[in-house]
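Handing you a structure now.
The values are calculated or read from the model by the stated rules, or taken from the named source; none is laboratory data. These figures come from a predicted structure and were not determined experimentally. In this analysis, Cβ positions are derived from the backbone assuming ideal geometry, glycine residues included, and neighbour counts consider all displayed protein chains. Ligands, DNA and RNA are excluded from the accessible area calculation, which covers all protein heavy atoms including side chains. Shrake-Rupley method; radii C 1.70, N 1.55, O 1.52, S 1.80 Å.
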Amino acid sequence: MAKVVYSLTVRFPPDERFGLTNQLRRAAVSIPSNIAEGKGRLTTGELIQFLGIARGSVLEVQTQLELATMLGFGDRIDIAEAQAIASEELKILNASLVTLRAKLAARKQR
């Protein structure tokens, strides 16, 4: 996702460098960064917390890509590709969160 977003935003207007370009790149980089940080933590609860933050970043990216489309920034095909990747990441994060929460709940019942 981050690689696609960086490639996509290169073609945004230069005056957006500190606006939507920056916001979109930061949100896209936040996704794998929070997943990595969560994996590095010592508890399932902390992993769940960081996966939730990554999920929020995916939703940010989706919103910002929609804004880019409405403003006529970037190539529509590239934006559609980024949206498809974001949707897939969201599905993976949602499934991971459901699984981890169930695992945590099962542990608490023991």
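For (1) open to solvent by less than 60 Å² (accessible area, probe 1.4 Å); (2) touching a residue at least 24 places away in the same chain (Cβ under 8 Å); (3) part of a helix (DSSP H, G or I); (4) farther than 30 Å from Ala105 by Cα, each residue gets a yes or a no:
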{"position": "Phe18", "(1), (2), (3), (4)": "no, no, no, yes"}
{"position": "Ala36", "(1), (2), (3), (4)": "no, no, yes, no"}
{"position": "Leu47", "(1), (2), (3), (4)": "yes, yes, yes, no"}
{"position": "Leu51", "(1), (2), (3), (4)": "yes, yes, yes, no"}
{"position": "Leu67", "(1), (2), (3), (4)": "no, yes, yes, yes"}
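Then there's this: Within the stretch 54-99, work out how many residues are under 9 Å from the mean Cα position of the chain (by Cα) and over 29 Å from Asp15 (Cα atoms).
2
For the stretch 1-16, which residues satisfy the criterion of being of a type outside the set (Lys, Arg), in a helix (DSSP H, G or I) and out of contact with any Lys or Arg (no Cβ under 9 Å at 6 or more places or on another chain)?
Scanning the stretch 1-16 gives Val4, Ser7, Leu8, Pro14, Asp15, Glu16.
If you don't mind, there's one more thing I want to ask. For the list (1) in a helix (DSSP H, G or I); (2) at pLDDT below 95; (3) touching a helix residue (DSSP H, G or I) at 6+ places or on another chain (Cβ under 9 Å); (4) small (Gly, Ala, Ser), I need the number of the one condition that Ser57 fails.
Going through (1) in a helix (DSSP H, G or I); (2) at pLDDT below 95; (3) touching a helix residue (DSSP H, G or I) at 6+ places or on another chain (Cβ under 9 Å); (4) small (Gly, Ala, Ser) one by one, Ser57 breaks only (2).
Of all the residues that make up the stretch 1-16, how many are open to solvent by less than 30 Å² (accessible area, probe 1.4 Å), of a type in the set (Phe, Trp, Tyr) and without any contact (Cβ under 8 Å) to a residue 40 or more places away in the chain?
So the count comes out to 0.
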